[in-house]
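Working notes for the structure below.
The values are calculated or read from the model by the stated rules, or taken from the named source; none is laboratory data. Remember, predicted model here, so these are calculated numbers, not experimental data. Ideal geometry is used to build each Cβ from the backbone, glycine not excepted, and the neighbour counts take in all protein chains shown.
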Amino acid sequence: MRIQAGFEVIYDCPDPVPMMLMLSVHSSRRDDLETPDWLRTDPMVDVRQYIDGFGNICSRVLAPAGRFTLSADYVIRDTGLVDDHAPDAVQIAAHNLPDDVLMYLLGSRYCETDRLSDIAWELFGSTPLGWARVQAIVDHVHNHITFGYEHARVTKGAWDAWEEGRGVCRDYAHLAIAFCRCMNIPARYCTGYLPDIGVPPVGVMDFAAWMEVWLGDRWYTFDARNNQPRIGRILIARGRDATDVAIANTFGQAELVGFTVKAKELAEG
């Protein structure tokens, strides 16, 4: 399967402002690119890239004063398979987890395990360990939160999503991640493209958020917002929560005035 994807993000900057951007395809998917996903800027400026501790490709730019546009347009190959389903995947005891997985048991800025632990154990303490417990968490979060862009805000964490019962895909992901961590299941936050392949198109295309959990000896994808296996996810970044994967950190004033995302299947040949 071939997928065409890209974005356009537009800022108005009253003065030059440094930016750290996370808009490139994740390093784990670089070999799948059929055409480069070069970050284009208008006006043209120098782009310096590095890979952070999560394997995310970060771009540094100095945006000039005035209108500043970031964009990319590329083609990537995909297996065309739905998210892996492994109902027999087992939960690993905390003391047997790999060292580099342990951090994903800990609370983080948007995943307040200390506030949600008692609730998690009350809701999920009697569920079977492993895949079934994660699916029970995903089902509960999917049904608990009502989706709406008007409910989004940058300060909103898992506790707020639980209390308010409203949010966007990042809130579904944060709450599910926090519940998993409370139940000693490592979970990490992912963001990227999620094209409408194999499902009816819903609304305007946007970057999506989901989670990965560690079961057995590997990471598996779960999506509390959609709660169904999907085709064609294109990972941009992963981390502890949204703090680690923001598409842009601006070190000065910059007003977001335009934002479009696209991802669609291309015909073969």
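Based on this model, can you work out whether Arg188 counts as touching a residue at least 24 places away in the same chain (Cβ under 8 Å) and either more than 14 Å from the chain's Cα centre (by Cα) or within 23 Å of Leu23 (Cβ to Cβ) (or both)?
It is true that Arg188 is touching a residue at least 24 places away in the same chain (Cβ under 8 Å) and either more than 14 Å from the chain's Cα centre (by Cα) or within 23 Å of Leu23 (Cβ to Cβ) (or both).
Give just the number: which of (1) buried (at least 17 other Cβ atoms within 10 Å of the Cβ); (2) outside the structural domain of Met19 (by TED's automatic domain parsing); (3) more than 28 Å from Met1 (Cα to Cα) does Arg225 not satisfy?
The failed condition is (3).
Among the listed residues Ala209, Ala173, Ala178, Ala187, which satisfies the condition of being among the small types (Gly, Ala, Ser), under 26 Å from Val9 (Cα atoms) and touching a Cys at 6+ places or on another chain (Cβ under 6 Å)?
Residue meeting the stated conditions: Ala209.
Would you pick out the residues in the stretch 234-259 that are more than 21 Å from Tyr74 (Cα to Cα), part of a strand (DSSP E or B) and within 10 Å of the chain's Cα centre (by Cα)?
Result: Gly239, single match.
Somewhere in the stretch 85-93, is a residue within 18 Å of the chain's Cα centre (by Cα) and not hydroxyl-bearing (Ser, Thr, Tyr)?
Initially, the stretch 85-93 is screened for residues within 18 Å of the chain's Cα centre (by Cα), giving none.
No, that holds for no residue.
With the requirement that a residue be surrounded by fewer than 17 Cβ atoms within 10 Å (Cβ to Cβ), assigned to a helix (DSSP H, G or I) and touching a helix residue (DSSP H, G or I) at 6+ places or on another chain (Cβ under 6 Å), what does the stretch 116-135 give you?
Ser117
Examine the stretch 163-172 for a residue that is closer than 26 Å to Arg77 by Cβ, of a type outside the set (Asp, Glu) and part of a helix (DSSP H, G or I), and state whether such a residue exists. Let's see the steps before the verdict.
We begin by selecting, within the stretch 163-172, every residue closer than 26 Å to Arg77 by Cβ; these are 169.
Okay, now just the ones that are also of a type outside the set (Asp, Glu), so 169.
If we keep only those that are part of a helix (DSSP H, G or I) too, we end up with 169.
The answer is yes, given that some residue of the stretch 163-172 is closer than 26 Å to Arg77 by Cβ, of a type outside the set (Asp, Glu) and part of a helix (DSSP H, G or I).
Please determine whether any residue of the stretch 42-53 is closer than 30 Å to Met103 by Cα and outside any strand (DSSP E or B).
Yes, the stretch 42-53 has at least one match.
Residue by residue through the stretch 1-33, note down the ones that are surrounded by fewer than 13 Cβ atoms within 10 Å (Cβ to Cβ), touching a residue at least 12 places away in the same chain (Cβ under 8 Å) and more than 21 Å from Thr250 (Cα to Cα).
Ser28
Hey, among the residues in the stretch 202-233 that are of a type in the set (Val, Ile, Thr) and closer than 15 Å to Ile185 by Cβ, which one's farthest from the chain's Cα centre (by Cα)?
Among those that are of a type in the set (Val, Ile, Thr) and closer than 15 Å to Ile185 by Cβ, it is Val213.
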